[in-house]
Amino acid sequence: MRFSSFVERIGGPSSRAWDLHYEALAAKRRGEDVIVLSVGDPAFETPAAARAAAFRAIEAGDTHYTEIAGRLALRTLIAADHSLRSGQSVTAENVIVLAGTQNALYCAAACLLGPGDEVIVPEPMYLTYRAALQASGATIVTVPCPAERQFHIDLQALAAAVTDRTRAIFFATPNNPTGAAATLDELQAIAALALRHDLWVLSDEVYGRLCFEAAHLSIGALPHMAARTVTASSVSKSHAMTGWRIGWMIAPEALIGHVKNLVLCMLYGLSGFAQEAACEALRSADAEVDRMRTVYRRRRDEVVAWLSTVPGLRCVRPEAGMFILVDVRDTGLSAAEFAWQLYASTHVAVLDAETFGPSVAGHIRISVTVDDHELELACQRIGQFVAGLAARASGPA
């Protein structure tokens, strides 16, 4: 039987990158001693007030269809929260609630891009971005963000990538997997490029509440950019609500209308009780978000300190988020070889970061979402594994 060309655009290496992660999860379900550092799923509980709001909603019978764009109360809270934190003036009419930022990206690409269009994407990029963007038929043009620039955007290369077919620029700030957060100068340069060439800008800001040293900045808040910017975010990472599938898109009203038509035939709205939980999270959980961010920052510092003492490993210190990149090239292994051999030897699962793009060739991605004890134990196992590699390399022929 034949499949459409669509399956080629949504499959490939990025979908196979999760094979080690899935194997680790299966082993953990069997009760094996596995430490999963290969996914950004916070071990923190969803805030208690948000869970209680969902329970109340279910008990009250809130289990039926909801508004296609999301409940007005939730969209109003999202608009107010974004306006407060970014300085961009947003109303509920600029918001549509979707099942996570990936869904928002897919919907935006479907309504803005088509076959023959090009979208410029700095890499490394999160694994599923490629499939979400290419599903529209558009062509991705990547711009490397090399390690020697601390994985920040090369603005000259970005400008040089624009052609007559360029329709949009997409980027994530803070970035996954690097943790690099765009500076004001970088955002201003991207905005100037978009205005000069009449381009859309798609900005994934799901890790915006998890910036460590500097405040998060939104490109949509810059002059003249609100009319051409799509901002995607969610409560998944910031509020430890990955399983609730509550994300959103902030965009001009005309685009929101088109996305609403797409959602009508695809999702038909999200569960009411989950939206009630998200409302409560946005209303009352700021202190818990601050606590999570403080813990992630401390874990970042500890893991970088631990692994930096291991000969053959070099850590990249992230500016935000819940991931750390580790350069393993000095071990003599590729990132994929390192990840699979580490798992086979120690049952510590990490992600081969090279699947995010060639800029992170030779790097693995470590999540700091597990509890402190597991994280310290994982670092010890990684150190022992690398020491074993060195011992074998220096042993008798």
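Values quoted throughout were computed directly from the atomic coordinates according to the rules given, and no laboratory measurement underlies them. From a predicted model like this one, the values you see are computed outputs, not experimental measurements. Please note: Cβ atoms are built from the backbone with ideal geometry, for glycine as well, and neighbour counts cover all protein chains shown.
Structure above, values below:
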{"read-out": "Mean-position separation - Cα centroids, region 367-397 and region 211-242, in angstrom", "value": "36"}
{"read-out": "Tail fraction, Cα-Cα pairs, region 117-206, threshold 18 Å, whole percent", "value": "37"}
{"read-out": "Convex hull (Cα only) mean projected area of region 311-397, reported in nm² to one decimal", "value": "6.0"}
{"read-out": "Cβ charges +1 (Lys, Arg) and -1 (Asp, Glu), total dipole of region 41-120, debye", "value": "240"}
{"read-out": "19 Å cut-off, amide nitrogen to a point 7 angstrom out along residue 49 Cα→Cβ, residues in region 261-279", "value": "273-279"}
{"read-out": "Residues 372, 81, sorted so that the one with the fewest Cβ neighbours within 10 Å comes first", "value": "372, 81"}
{"read-out": "Charge-dipole axis of the chain as Lys and Arg at +1 and Asp and Glu at -1 on Cβ define it, positive-most pick from 48, 163, 331", "value": "163"}
{"read-out": "Calculated P(r) of the chain - Cα pairs past 34 Å, %", "value": "29"}
{"read-out": "Debye, to nearest 20: dipole size of the chain, +1 on Lys, Arg Cβ, -1 on Asp, Glu Cβ", "value": "320"}
{"read-out": "Per residue convex hull volume, Cα atoms of region 48-284, in Å³", "value": "112"}
{"read-out": "For residue 120, distant residues with modelled amide H under 5 Å away", "value": "141, 167, 168, 169, 170"}
{"read-out": "Charge-dipole axis of the chain as Lys and Arg at +1 and Asp and Glu at -1 on Cβ define it, positive-most pick from 221, 20, 197", "value": "20"}
{"read-out": "The chain: relative contact order as a whole-number percent, Cα under 8 Å and 6+ apart", "value": "24"}
{"read-out": "Shape call, region 2-82: gyration tensor on alpha carbons, a/c limit 1.5", "value": "oblate"}
{"read-out": "Dipole in debye (nearest 20) - region 48-284, about Cα centre, beta carbon charges: Lys, Arg +1; Asp, Glu -1", "value": "360"}
{"read-out": "Selected from 173, 126, 295, residue furthest toward positive end of dipole (the chain; charges at beta carbon)", "value": "126"}
{"read-out": "Distance between region 275-316 and region 33-96 - C-alpha centres, whole angstrom", "value": "20"}
{"read-out": "Sparsely packed GluC sites (Glu not before Pro) within region 27-78, loop by DSSP, other Cβ within 10 Å at most 13", "value": "32, 45"}
{"read-out": "5 angstrom amide H check on residue 315, placed H, neighbours 5+ away", "value": "327"}
{"read-out": "Taking 365, 245, 130 and counting other C-beta atoms within 10 Å, the order from fewest to most", "value": "245, 130, 365"}
{"read-out": "Restricting region 12-119 to trypsin sites (Lys or Arg not before Pro) in coil, as DSSP defines it, with at most 10 other Cβ within 10 Å", "value": "30"}
